[in-house]
1. Could you work out how far apart the two model spin labels at Arg262 and Arg241 are, taking each label as a point 7 Å from the Cα in the direction of the beta carbon, and quote it in nm?
2. Measure of size requested: the Rg and Dmax of the chain, with Cα atoms as the atom set and Å as the unit; please supply both.
3. Heads up, I need the accessible area for Asp255: 1.4 angstrom probe, whole protein in place, Å², nearest 10.
4. In whole percent, and with a 1.4 Å probe on the protein chains, what portion of the accessible area of the chain is carbon and sulfur?
5. Taking amide H positions as placed in the peptide plane 1.01 Å from N, state which residues far from Val109 in sequence (5 or more) or on other chains have amide H under 5 Å from it.
6. Looking at the stretch 54-116, which GluC sites (Glu not before Pro) are in a loop (DSSP not H, G, I, E or B) and have at most 14 other Cβ atoms within 10 Å?
7. Among Leu631, Leu332, Val344, whose Cα sits farthest toward the positive end of the charge dipole of the chain (+1 at Cβ of Lys/Arg, -1 at Cβ of Asp/Glu, about the Cα centre)?
8. Which of rounded, prolate or oblate describes the stretch 548-635 when judged by the alpha-carbon gyration tensor and an a/c cut-off of 1.5?
Amino acid sequence: VPLEFDYRETSLHETVEDLLEKRRAPVYIVSFTQRECAELAQGFTSMSLATREERERVWEELADFRFDTPYGKDVRRFLRFALGVHHAGLLPKYRLLVEQLAQEGLLKVIFGTDTLGVGVNMPVRTVLFNKLAKYDGQEVGILTVRDFQQIAGRAGRKGYDDQGTVVVQAPEHIIEKRKAEAKGKEHKGGAKKGEVVWTEETFDKLRSSNPESMESRFSVTPTMILDTVQHDADVDDPSRRNFHSLRELISRTHDDDRTRERHLRDAARLVRSLSRTGILGMEKDTKTDYLWVVVDEELQAEFSLHQTLSPWLVDAIEELDPEAEGYALSVLSRVEAVLEDPRVILLRQKDKRRDDLFHRLKAEGVPYEKRMEKLDQVTHPKPEAEEIYESFNEFRGRHAWVGGRTVSPKGIGREIFEDYLSFGDFVRRYGLARREGSLLRYLSQLYKTMIQSVPDRAKTEEVHDVIGFFRTMLEHTDTSLLEEWESLIHPEVRQGDEEERTQAKEGLRSYELFHDPKAFHARIRAELHRLVRALAQESWEEAVSSVRQDDSRYRWSQERFQEALEPFFEEYEEVRFDAEARRSHHTVIEKREPRVWEISQTLLDPEGDGFWSLEGGVDLSEGRSLEGPLLTLREIRG
């Protein structure tokens, strides 16, 4: 779609009003921080951007949508004003909702970051740059030509618009100056010290210059080797040599011959390392006596090494004693050590630890200088850091390819599991409402790494409980990332018509539930523990969402839960939900039919009587949907 460009020296509100009057909606206002997106959206709630009828249509679309996380209430409030917010800090389900409403033409203005420039499916007519400067991780500078043109190119809806509109706002001090001049007043203000400013000439240069050249960032990774070896095995072509697909991939990179040779050397070092850790082995071809490189057949079918340091992870887990107390937590800590650091979450953890220590030291009367000295030593939680670094340094000494890479111990998932927090609990604890998406992505990576990079032989019942806990949390928070991951592993869930895709998805979930009884039982326990936690906290709304409601005989409302537990609370002060209450022997799972189970969960009381229990079942017989909670609760028995 052809683009028209405009440079504005009016206030943002005036610019948007003018664009709406000229029928240039929907307008995507580009900011470069998530905080600014939220602040701008809040500022526009005072404007009347949509008619009453248009707002009512939006409300109808939102009627059955669950805004059940801390930031969900803000997202819903913005949408009711025909305003959307869209950035990586939001949960995927909120971003998808904004995209769907935009596609239906129900949103007038959308506030988002430059993530729109990488192909988000959200048609807009106008892209409005609130600024032309952004922080690149080191300093604030003018946008690159490539960044600007990529984002600007999203303006205009093919098939709807004859042309798109790209608008750039002048710096704030210039806008204030023009306002003062219009009123015949003198404006003495200017740009703030150190502020990066731009002009209309900057704008012209960005739109007319050729984009910067692209550079190859290719590097060989453990998962790349694993995937190409498995691909060669699937092809099963005797005329090929070992690592045929990997060699071909390297030959097609946008690098010079010298760099390609370096990639081959890196690949050889990694292969030797994977061989020493037992992930790769040799198998003789019975017809030709050729020795094929193969993946260890004892590893699960979905085994992968998505993290660069996953080979160390496999090696480190093998060093642990599965019979030792806290084994599952040790596995969890080693998995977290190879994941990328979610910087903002770690900073919030560090800040809270500093604040807690500051108040404790002050209450103890520790002198100011000593307090500051101790506070300077505070970091984010690093469970078992000493053991992790010792294991990794020993591994690095045996595997030259590791080079300067290092592990990064952290305790985000471990804190959530040990304190048995809900997603919302952790968000509230660290003030991460605008960063829910970042937390969800991290927990999704944690879950996938537990599934794919921890060998099945190392998964005890306690490890399965950890996996089941995070699976249940992701399932109840936002299934978008899980479904995306599953569709990459199993493309059939995206093929065919809607009925075929539904059947493929149900088949996948059915396999996931039944192929591993330990994992299935762990998921049931996780769902039961979620329900027990809700009852212990008297969070009746969460209790309702923790059980199936598709059987009219066993539907639970908030009032029904309260009535059922009223006799319990008359006798006991509280429902216990400590580590003892979550021990597996308090849960009984008995198979009655091929896809039907009876479930009983003891409710612990402070007296230790254990007279009360949750009685229910799991019915996954043919035709039953596997979406959402699996547990049907029949009664709370005392």
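The values are calculated or read from the model by the stated rules, or taken from the named source; none is laboratory data. All values derive from a computational prediction rather than experimental measurement. Every residue, glycine among them, receives a Cβ derived from its backbone with ideal geometry; neighbour counts consider all protein chains shown. For the accessible areas, the whole protein counts, side chains as well, though only heavy atoms, and no ligand, DNA or RNA atoms are used. Shrake-Rupley method; radii C 1.70, N 1.55, O 1.52, S 1.80 Å.
1. 2.3
2. Taking only Cα atoms of the chain, I get Rg and Dmax of 28.3, 93 Å.
3. Near enough 30 Å² of accessible area.
4. Answer for the chain: carbon and sulfur cover 45 percent of the accessible area.
5. Amide H neighbours of Val109, under 5 Å, 5+ apart: Val27, Gly84.
6. Sites meeting the loop and neighbour criteria: Glu104.
7. The residue sitting most towards the positive pole is Val344.
8. Because a/c hits 1.5 or more and a/b fails to exceed b/c, the stretch 548-635 counts as oblate.
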